[in-house]
Amino acid sequence: MKRSLTAVLFIGCLLLLSSCAGQKSSEDSARQIPEAVNCVAVLPTRALADETGNTQSVTLRRGAALIDTLMAREIGANVNVRVLSSDELDSLYTGEGSGLLAVIRNVSQITGCDAVMITTVRRFKQREGGEYAADAPASASFDLRIVDAKSKNVLWAADFNETQQSLFSNIFSFGKAQSRGFKWITVEELVSQGVKERLAECPYIKI
């Protein structure tokens with residue numbers, strides 16, 4: 001059941017990503033007045049295929065687990081949010097219907113939330129080297145989508161895609177480099193910063 005549900009969510013995420021190609025940026029969507037929702041159910045993070053086409057790579061699964069931990073830490077106590085673990089999703093999902101839209105509908109009905117958040121991690125590469133002399137910087141990419149359970153419309157979307165740059169290669173990154181102590185950070189630190197930044201932009205979640 002767990003493997004089939006994972007496949008359903010993965011395929012559905014691909015469809016959602018393609019349908020969002022023409023969506024406005026997260027900055028534009030954040031300026032819009034959001035539709036009212038009573039709460040948001042947060043699905044476990046899914047891993048998109050890596051460069052080799054492997055959706056079950058160790059690094060991507062590690063990245064998905066990290067994002068789930070960060071989500072629970074940052075917004076898990078929010079009364080307007082229901083963060084679901086993989087085990088909770090499997091126990092909640094009734095199996096009625098197939099495809100991501102059916103999962104969204106069922107999760108919404110069971111949790112009572114009007115909207116569902118889908119998070120997808122696409123890249124999760126660890127820094128190679130030390131914090132002051134790295135051979136390769138940390139690099140990560142993930143996206144967030146909040147979908148209305150009834151209309152199936154994407155209410156809000158945000159992407160994070162960053163490979164840390166040195167101050168010498170990008171002088172405009174001084175502020176960010178300063179906040180990081182002018183050090184090469186780990187991919188865990190990079191993703192943690194990215195999750196906090198994107199959640200802070202979301203009009204449906206108050207951190």
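Look at where the Cα atoms of the range 182-207 and of the range 54-91 average out, and the two centres are 15 Å apart. Full extension of the chain between residue 62 and residue 37 gives 5.9 nm of extra length, using 0.36 nm per residue less the Cα-Cα distance.
Quick note: the coordinates plus some simple rules give every number you see, no bench work behind them. Owing to the predicted nature of the structure, the values given are computational and were not obtained by experimental measurement.
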